[in-house]
Structures are given as C-alpha cells and as structure tokens.
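Working notes, beginning with the structure itself.
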Amino acid sequence: MKQRKACRTCGLKLPLQEFWRDRTRRDGFAPVCRTCARLYYRAWYASHRDQVIERVLARRRAYQNAIRLRQALSPGPTPRGA
Ligand SMILES: [Zn+2]
C-alpha cells in the first residue's frame, strides 16, 4: 500500500513519508512536502523573525513570573523565633 500524494507547492507526486503529519488534515498529512515546508518555513521565519523572538521572550517572561508567583504563594520555611 504505497500511497503517493501530490505536493501543493512543487506539484511532485511523492510517497507519504515525504510529508509531515498533520492531524488537522483530512488525509492526516500536510499539503506540502517536507522540502517545500522547510523552504516555506525558512522564508516565513525570515519575514517574521522579530515576532517569533518576541513571542519566545514573552513566553519565557510568563514562565519566570509563574515560578516567582509559585514561590511567593508557597508556605516555604517558616521564620524561626517568631
Ligand atoms: Zn513540494
């Protein structure tokens, strides 16, 4: 059962293992082949670099805030001599 699928970008008919899995798709595979997806992502990243970096930094800040909040809320060691 060697299934092939046409890439939406380059139009080549390639075996399914040349496509990334995508559970949101009806056939379970991305519409473009791995090679095209990589090229597409690279181009997308080049034009969205600042947004990507900003999102990563925001996530890191949120993570550190969560840790700080947890430390502030945790009972921790009780001060002695009170
Ligand atoms: Zn392709």
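Points to keep in mind about this one:
- Of the residues in the stretch 43-53, at least one is within 16 Å of the ligand (Cβ to nearest atom) and either out of contact with any Gly (no Cβ under 8 Å at 6 or more places or on another chain) or small (Gly, Ala, Ser) (or both).
- Hits in the stretch 12-34 (condition: basic (Lys, Arg) and within 19 Å of Lys2 (Cβ to Cβ)): Lys13, Arg21, Arg34
- The single condition from (1) touching a Lys or Arg at 6+ places or on another chain (Cβ under 7 Å); (2) more than 16 Å from the ligand (Cβ to nearest atom) that Phe29 fails is (2).
Throughout, read-outs are computed from the coordinates displayed, never taken from laboratory work. Worth saying up front: this structure is predicted, and the values here are computed from it rather than measured. Backbone-built Cβ (ideal geometry, glycine too); neighbour counts: all protein chains shown.
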